[in-house]
Amino acid sequence: MITKLNVTSIKVLDQDEAVEFYVNKLGLEIGQDFKQGSFRWLTVRVPGDPGIEIFLEEPGPPAQDEATAAQLRELIAKGAMGFTVAFNTDDCKALYAELKARGVTESEFTQEPTEHFYGTDMGLRDPFGNAIRILQPAKVAAEA
């Protein structure tokens, strides 16, 4: 029986650039980082929460042959492989200000904090076109 989600992945073109964005700008922490030959297993996670990690996956062996990896890199560069990653926060507006102070640019934000019936959320894109949503759930939605 499946008991929980452990790791999910997003496609990136450059793992070091992904670390710059996800760790230095968004404030996540590196979960695991090791190499086996040319393959690098690199994950990030919410600080102090080892429950779910995000694998910052560069296309290539052993998962794909070089021809397939080249096609994936082309799609990523076009923004056609953008997956959505969703996070929660206790204060969306304060986090927005903090992210701007950490260097998240206006072009990386796709939506400023906006209030909805379900809470306040904002949107960003990483350097590879992956969509990121950050939600402060409404008290009523959180209780439901």
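The values are calculated or read from the model by the stated rules, or taken from the named source; none is laboratory data. Keep in mind the model is a prediction, meaning the values are calculated, not measured. Reconstructed Cβ throughout: ideal geometry from the backbone, glycine too, with neighbour counts over all protein chains shown. Surface areas here come from the heavy atoms of the whole protein model, side chains and all, with no ligands, DNA or RNA. Shrake-Rupley method; radii C 1.70, N 1.55, O 1.52, S 1.80 Å.
GLY60 fulfils the conditions (1) of a type outside the set (Phe, Trp, Tyr); (2) at negative phi; (3) open to solvent by less than 30 Å² (accessible area, probe 1.4 Å) except for a single criterion, (2). In the range 118-134, the residues that are within 14 Å of GLU57 (Cα to Cα) form Cβ pairs under 7 Å with partners that are part of a loop (DSSP other than H, G, I, E, B) and of a type in the set (A, V, I, L, M), at six or more places apart or across chains, as follows: PHE128/VAL12; PHE128/LEU13; GLY129/MET81.
The set of residues in the range 56-83 that are within 20 Å of the chain's Cα centre (by Cα) and in a helix (DSSP H, G or I) comprises LEU72, ARG73, GLU74, LEU75, ILE76, ALA77. Looking across LYS11, LYS25, LYS78, LYS4, one residue alone is of a type in the set (Lys, Arg) and in contact with a helix residue (DSSP H, G or I) (Cβ under 6 Å, 6 or more places away or on another chain). It is LYS11.
Residues checked against (1) in contact (Cβ under 8 Å) with a residue 12 or more places away in the chain; (2) not aliphatic (A, V, I, L, M):
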| position | (1), (2) |
| --- | --- |
| TRP41 | yes, yes |
| VAL46 | yes, no |
| PHE55 | yes, yes |
| GLN64 | no, yes |
| ALA70 | no, no |
| ASN88 | yes, yes |
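Report whether or not LEU13 is crowded, with 18+ Cβ neighbours inside 10 Å and within 25 Å of SER107 (Cα to Cα). No: the conditions fail for LEU13. Where strands (runs of 3 or more DSSP E) fall entirely within the range 100-144, those with at least 2 residues that are in contact with a Phe, Trp or Tyr (Cβ under 9 Å, 6 or more places away or on another chain) and either under 22 Å from LYS11 (Cβ atoms) or open to solvent by less than 20 Å² (accessible area, probe 1.4 Å) (or both) are at 119-125, 131-137. Specify the residue that is surrounded by the fewest Cβ atoms within 10 Å (Cβ to Cβ); the eligible residues are those in the range 16-27 that are touching a residue at least 24 places away in the same chain (Cβ under 8 Å) and not acidic (Asp, Glu). Ranking the qualifying residues of the range 16-27, first place goes to ASN24. LYS35 passes every criterion in (1) open to solvent by less than 70 Å² (accessible area, probe 1.4 Å); (2) without any contact (Cβ under 8 Å) to a residue 24 or more places away in the chain apart from (1). For the range 75-84, the condition of being on the phi > 0 side of the Ramachandran plot and in contact with a Gly (Cβ under 6 Å, 6 or more places away or on another chain) holds for at least one residue. Selection within the range 84-99: residues that are in a strand (DSSP E or B) and open to solvent by less than 60 Å² (accessible area, probe 1.4 Å). The member of this set that is modelled with the highest pLDDT is PHE87.
Suppose the filter is farther than 12 Å from PHE128 by Cβ, part of a strand (DSSP E or B), open to solvent by 50 Å² or more (accessible area, probe 1.4 Å) and of a type in the set (Lys, Arg); does LYS4 pass it? No.
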